[in-house]
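The values are calculated or read from the model by the stated rules, or taken from the named source; none is laboratory data. Owing to the predicted nature of the structure, the values given are computational and were not obtained by experimental measurement. Cβ coordinates were reconstructed from backbone atoms using ideal geometry, including for glycine residues, and neighbour counts include every protein chain displayed.
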Amino acid sequence: MIEKALHGGKGYWTWVLILLGIIGACVFAYLYQLRQGLWVTGMSRDVSWGFYISQFTFLVGVAASVLIVVLPLYVHNYQAFGRIACLAQFLAVGALIMSLTFIFSDLGMPMRIFNVPLNPTPGSMLFYDTIFIPGFILINLVAGWAVLGAEKREVPPPRWAKALIYISIPWAALMHTVTAFIYAGTPGRGFWMTAIMAPRFLVTAFAAGAALLILLSALLKAITSFDPGEKATQKLTTILFYSLIIDAFFLGVEYFTTFYSHIPDYTETFRYLFFGINGNNALAPWYWAMNAAIFIAILLLALPGVRSSHPRLLGASAVAIIGLWIDKGFILVPAAFIPNVFGTIMEYPPTWVELVISIGIYAMGTLIITIFYKIVVSVKSSVSHGAMELFISWHNRKPGLGKRHS
């Protein structure tokens, strides 16, 4: 099926060349960072995790959001998600490849990544992420490719593919929970040490995944013959809406606990994010923007006419994804280092090197997802109605039944 990615129109190849050009600029910026060292980034002794780790955190959440599609489809037989299941799985693959690349970028010497498997430390949450993330890439890649290949041949997928998909459901939740525990289990960082860090990670992941799938499905419908289906879009909208409401509730709980308790370890960081401290307020506008974006997205999705109007729905989804990215992809990580252990405010601005490398990594992930989506659209556009009926019967099979539907 890979040959389908080698055929496309002028627009497709122009897009690919643009992405390759951005990736090339990223390579030069990375080589500059590798030669000069991490001093060319905005990180320091006081802020040791920055923009790269923030993107890693956000993208692992995007990958974990595949759960919102495969669970209704394969466990509850919600057939409307049948056409977008492969989109969600390959989005997870691309997101996790990007997240691992951000980890490499954060290391001064990339070869040090091999210290993790060579010197395993089961007491560290990072050790488990090195198991869950590559494993989740492999599961989604193999299962998604097997199902798509069977659809192309118009035969039922192998039974082991469905078994892999069932394994991926708890795997997704555990993967992002472990990522949350990396932060929540770090003593001395009051901003991270909250019992609802893992639930917040999961609910924001579901919201981000739903918003991205709504936007990507609309884009594919606009530029190709692929139609994800109105029912799928509406269900994703419902998931997005309620996930945002739960996230807003979690934020409110955090704010009450912080400001009512007056515990300095918790209060100082939030006071900085909301109001700034002694004239230091670089992250405050971003934090207000994040809260505003979440609130605006909820209001828009609550309006009766938004769900039936695709332009308004796309606008609400875009606002939601911006707010969610600011939260996990920009503020969450560096904010925990403010103030530092001496009570001093050391603000963190990412440098041009970090931004260029990050844009290049996103371009690489976009290229990978573009190739996968080109294959998916090509296959699904050529599949007959009878094959789709065969797939519906396969999805409706209960686990443990040995006979295939013909």
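A compact table of results
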quantity: The lone exception for ARG271 - which of (1) part of a helix (DSSP H, G or I); (2) touching a residue at least 60 places away in the same chain (Cβ under 8 Å) it fails; calculated: (2)
quantity: Output for the range 353-374, where each listed residue is surrounded by fewer than 21 Cβ atoms within 10 Å (Cβ to Cβ) and within 12 Å of PHE28 (Cα to Cα); calculated: VAL353, VAL356
quantity: Residue ID - nearest to ASN77 (Cα to Cα), chosen from residues in the range 187-242 that are in contact with an Asp or Glu (Cβ under 6 Å, 6 or more places away or on another chain) and surrounded by fewer than 19 Cβ atoms within 10 Å (Cβ to Cβ); calculated: LYS221
quantity: LEU59 over 24 Å from the mean Cα position of the chain (by Cα) and within 16 Å of PHE102 (Cβ to Cβ); calculated: no
quantity: Filtered residue count, the range 69-90, keeping only those that are hydrophobic (A, V, I, L, M, F, W, C) and either surrounded by fewer than 23 Cβ atoms within 10 Å (Cβ to Cβ) or not in a helix (DSSP H, G or I) (or both); calculated: 6
quantity: Members of the range 23-79 found to be under 30 Å from THR238 (Cβ atoms) and hydroxyl-bearing (Ser, Thr, Tyr), listed by number; calculated: SER54, THR57, SER65, TYR74, TYR78
quantity: Hits in the range 91-134 (condition: touching a Ser or Thr at 6+ places or on another chain (Cβ under 7 Å) and not in a helix (DSSP H, G or I)); calculated: none
quantity: ARG307 being among the basic types (Lys, Arg) and either free of Cβ contacts under 8 Å to residues at least 40 places away in the same chain or surrounded by fewer than 16 Cβ atoms within 10 Å (Cβ to Cβ) (or both); calculated: no
quantity: Test: residue in the range 171-188 that is part of a helix (DSSP H, G or I), in contact (Cβ under 8 Å) with a residue 60 or more places away in the chain, hydrophobic (A, V, I, L, M, F, W, C) and in contact with a Leu (Cβ under 8 Å, 6 or more places away or on another chain); calculated: yes
quantity: Any hit, the range 258-265, residues being among the small types (Gly, Ala, Ser) and in a helix (DSSP H, G or I); calculated: yes
quantity: Test: MET290 is touching a Cys at 6+ places or on another chain (Cβ under 8 Å), part of a helix (DSSP H, G or I) and hydrophobic (A, V, I, L, M, F, W, C); calculated: no
quantity: Boolean, ALA302 is surrounded by fewer than 18 Cβ atoms within 10 Å (Cβ to Cβ), modelled with pLDDT of 90 or more, among the small types (Gly, Ala, Ser) and within 15 Å of the chain's Cα centre (by Cα); calculated: no
quantity: Set ILE245, ILE331: member being under 29 Å from PRO72 (Cα atoms) and either part of a helix (DSSP H, G or I) or among the β-branched types (Val, Ile, Thr) (or both); calculated: ILE245
quantity: Whichever residue in the range 8-55 is free of Cβ contacts under 8 Å to residues at least 12 places away in the same chain and not in a helix (DSSP H, G or I) and, among such residues, is nearest to ILE371 (Cα to Cα); calculated: GLY9
quantity: Residue count for the range 327-386, restricted to those that are among the hydroxyl-bearing types (Ser, Thr, Tyr) and modelled with pLDDT of 80 or more; calculated: 8
quantity: Members of the range 275-292 found to be more than 26 Å from the chain's Cα centre (by Cα), under 25 Å from VAL319 (Cα atoms) and crowded, with 16+ Cβ neighbours inside 10 Å, listed by number; calculated: GLY276, ASN281
quantity: Lone unmet requirement of (1) within 15 Å of the chain's Cα centre (by Cα); (2) without any contact (Cβ under 8 Å) to a residue 60 or more places away in the chain for LYS328; calculated: (2)
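Residue-by-condition table, conditions (1) at pLDDT 90 or above; (2) surrounded by fewer than 22 Cβ atoms within 10 Å (Cβ to Cβ); (3) farther than 24 Å from MET364 by Cα:
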{"site": "GLY24", "(1), (2), (3)": "yes, yes, no"}
{"site": "TYR30", "(1), (2), (3)": "yes, yes, no"}
{"site": "GLY37", "(1), (2), (3)": "no, yes, no"}
{"site": "PHE56", "(1), (2), (3)": "yes, no, no"}
{"site": "ALA64", "(1), (2), (3)": "yes, no, no"}
